[in-house]
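Asks: The structure's right below; bear with me while I get my questions together.
The values are calculated or read from the model by the stated rules, or taken from the named source; none is laboratory data. Just so you know, these numbers come straight off a predicted model, no measurement behind them. Here Cβ is always computed from backbone atoms with ideal geometry, including for glycine, and neighbour counts include all displayed protein chains.
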Amino acid sequence: MYTTQDFRTLYVLLSSGTLTPDVVGSVCASDSDIRLQSSDGVLYDVHRKNLEVHSEGFAGAEAISEHHSSDNEVVLLTETSAVLDLLLQYMYRQPQPDLKDVDFDILAGVAEAAEKYQVFAAISWCKLC
């Protein structure tokens with residue numbers, strides 16, 4: 001479990017340029033209010049409201065801001081970018097990703113993350129594959 005100090009330290013490192021992420025993820029909103037980072041260092045600028053509405057696991061996303069005083073907060077997730085690239089698409093109004101050609105290991109990761117964060121739209125699609 002990460003502490004408030006861990007989040008503050010990561011924010012300072014990212015904002016100072018000392019630590020830089022490798023890539024920006026496929027979901028990147030210019031007017032985002034929260035930033036997620038995958039386990040492999042990819043950043044996702046997303047909307048807190050989308051996380052709250054489309055996921056029971058992120059339903060308390062507003063509480064995340066209690067640990068951060070900045071608009072550029074970073075929340076570290078344990079999932080890889082391959083998993084988050086797909087999972088986060090279920091949290092936006094857009095065509096859902098086609099999972100039939102996705103590698104089994106990635107699909108298993110999406111299914112696990114969908115259960116973890118209770119992204120019901122993704123759970124339904126994963127059951128079909």
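Asks: Quick check: is even one residue across segment 60-75 exposed (fewer than 14 other Cβ atoms within 10 Å of the Cβ), assigned to a helix (DSSP H, G or I) and at pLDDT 85 or above?
Replies: no
Asks: Among (1) surrounded by 15 or more Cβ atoms within 10 Å (Cβ to Cβ); (2) at pLDDT below 90; (3) within 14 Å of SER32 (Cα to Cα), there is one condition LEU88 misses while meeting the rest; what is its number?
Replies: That leaves (2) as the condition not met.
Asks: How about segment 76-121: which of its residues are hydrophobic (A, V, I, L, M, F, W, C) and part of a loop (DSSP other than H, G, I, E, B)?
Replies: If the condition is that a residue be hydrophobic (A, V, I, L, M, F, W, C) and part of a loop (DSSP other than H, G, I, E, B), then LEU77, LEU99, VAL102, VAL119 are the ones that fit.
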